[in-house]
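A.B. asks: Below you'll find the structure I mean.
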Amino acid sequence: MTQSYKAGIIGVGSVLPEKRLTNSQLECMVETSDEWIIKRTGIKERRIIDETVPLYKMAAIAATRAIEDAGLQPSDIDLIIATTVTPDYITPSLSCLVQKEIEAANAVAFDVSAACTGFIFALQTARQFIENRTYKNILIVSAEALSRATDYKDRKTCVLFGDGAGAAVLGTVEDGTGIESTIIGSIGSKGDVLTLPFLYTNQADIQNRNEGKTQVIWMDGSEVFTFASRIMGKVCQNVADNVGVTMDDIAYIVPHQANMRILQNAAKRLNISMDRIYSNLENTGNISSASIPVCIDEMHSKGLIKKGDKIIIVGFGGGLTYGASLLTWSKDD
Ligand SMILES: CC(C)(COP(=O)(O)OP(=O)(O)OC[C@H]1O[C@@H](n2cnc3c(N)ncnc32)[C@H](O)[C@@H]1OP(=O)(O)O)[C@@H](O)C(=O)NCCC(=O)NCCS
């Protein structure tokens with residue numbers, strides 16, 4: 001039998017912080033209500049990282065779980081790709097910090113920056129290295145501490161975001177399974193509708209934020225909402241068309257968890273029922289690039305996806321960026 005060089009997910013892991021921030025707690029912080037937040041977003045609570053814990057520690061927990069789930073040791077990992085919009089440091093990168101923490105001494109490590117679509121961009125990058133036989137085992141770790149970049153005086157954003165980390169190990173999988181089709185895209189010309197400045201800020205960045213506090217997320221919510229609702233349905237349909245399957249062949253769509261109404265709009269466009277759109281938004285809020293791998297790990301733990309099932313993961317976010325990948329699940333239960 002010839003060796004397959006098809007790339008697929010062979011291990012998953014995730015972690016959410018213990019501390020919860022509920023809608024009723026937010027009612028005491030800004031002028032909002034539990035009813036408004038649930039009706040307009042679907043979110044009830046988010047998890048918040050302890051202020052003494054660096055992001056890379058949380059990322060390392062998710063990474064270790066994914067490596068164990070793959071039946072590997074950290075020393076087996078050839079490449080680590082990390083994604084985050086809230087790194088502890090610009091340098092060392094999150095991937096290098098995770099490498100040190102988990103003692104993956106044989107790995108090359110770098111970060112990919114694509115905001116909430118980061119996991120899909122990393123997956124597409126990792127896939128190339130496996131299929132061209134450069135690397136065998138690749139760890140993708142997506143970790144976010146959005147509570148550190150949220151203005152808790154801005155009711156338009158502070159109700160949305162939470163913290164968490166998810167990871168996946170990619171390796172070679174049986175033919176007929178693995179990553180079937182991926183699309184990634186960027187619309188840099190529209191990037192100013194969702195920003196998180198770092199070392200440089202322009203006048204618009206300052207004007208958009210409260211009290212000149214610039215290192216926080218600002219968003220034109222309705223622009224992002226319209227973009228996300230349209231792109232999610234379109235890109236899911238495109239990856240399915242590329243493989244020649246219909247939505248009836250898809251066990252689950254696993255979207256970036258931003259707003260329940262975005263997921264409902266996309267479900268309507270795709271003519272697919274909401275029970276095939278996985279969501280944990282109610283309990284996590286939006287955890288940017290970590291949301292998709294956290295969902296995949298939850299679904300795997302709950303036994304919702306079986307070997308041979310087709311799923312579409314789909315993301316959208318800052319940049320603007322978007323992407324989707326159709327996978328045939330390769331793992332046994
Ligand atoms: C942010 C978001 C929830 C706002 O919901 P919306 O229905 O579009 O609400 P709008 O922004 O139109 O605001 C409607 C009103 O609600 C108010 N409002 C906004 N946030 C509120 C809150 N937390 N509580 C109560 N009222 C709120 C607004 O101030 C506005 O009041 P006004 O009409 O008096 O000015 C929604 O736009 C959204 O989810 N956008 C996409 C966000 C996203 O996915 N971002 C990440 C992408 S990765």
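Any read-out appearing in this document is the output of simple, stated calculations on the displayed coordinates, not a laboratory observation. From a predicted model like this one, the values you see are computed outputs, not experimental measurements. When we count neighbours, we look across all protein chains shown, and the Cβ atoms used for this are built from the backbone with ideal geometry, even at glycine.
A.B. asks: So which lysines can K6 reach, going by Cα to Cα under 21 Å and dropping same-chain residues fewer than 8 places off?
C.D. replies: K136, K306, K307, K310, K331
A.B. asks: When the chain is fully extended, how far beyond the present Cα-Cα distance does Q264 get from R276, taking 0.36 nm per residue of separation?
C.D. replies: Result for the pair: 3.2 nm of gain on full extension.
A.B. asks: Using a Förster distance of 45 angstrom, determine the FRET efficiency expected from the C-beta separation of S301 and Q207, and round it to 0.05.
C.D. replies: Efficiency, rounded to the nearest 0.05: 0.50.
A.B. asks: Using R₀ = 41 Å, calculate the FRET efficiency as 1/(1 + (r/R₀)^6) where r is the Cβ-Cβ separation of R230 and K100; round to 0.05.
C.D. replies: Computed FRET efficiency for R230 and K100: 0.50.
A.B. asks: To continue, here is another question. Within the stretch 142-160, what residues put their amide N at less than 20 Å from the label point 7 Å along the Cα-to-Cβ vector of W36?
C.D. replies: Those under the cut-off are 150-160.
A.B. asks: Report the extension gain between Y152 and Q25 in nm, rounded to one decimal, defined as 0.36 nm multiplied by the number of residues separating them, less their alpha carbon distance.
C.D. replies: 44.6 nm
A.B. asks: Now for a different question. Which order do the peptides 115-125, 67-77 come out in when sorted by mean C-beta neighbours inside 10 angstrom, highest first?
C.D. replies: In descending order of packing, they fall as 115-125, 67-77.
A.B. asks: With angles folded into 0 to 90 degrees, how steeply does helix 260-270 sit against the dominant principal axis of the chain? Use alpha carbons for both and round to 10.
C.D. replies: 50 degrees
A.B. asks: Next question, about the same structure. For D248 and D333 in the same chain, what is the full-extension length gain: residue separation times 0.36 nm, less their Cα-Cα distance, in nm?
C.D. replies: Result: 28.3 nm gained on full extension.
A.B. asks: Order the peptides 49-58, 278-287, 164-173 from the highest to the lowest mean number of other Cβ atoms within 10 Å of their residues.
C.D. replies: 164-173, 278-287, 49-58
A.B. asks: Related question: Between Y5 and F198, with labels modelled 7 Å along Cα→Cβ, what's the label distance in nm to one decimal, could you check?
C.D. replies: Each label point is offset 7 Å from its Cα along the Cβ direction, giving 3.4 nm.
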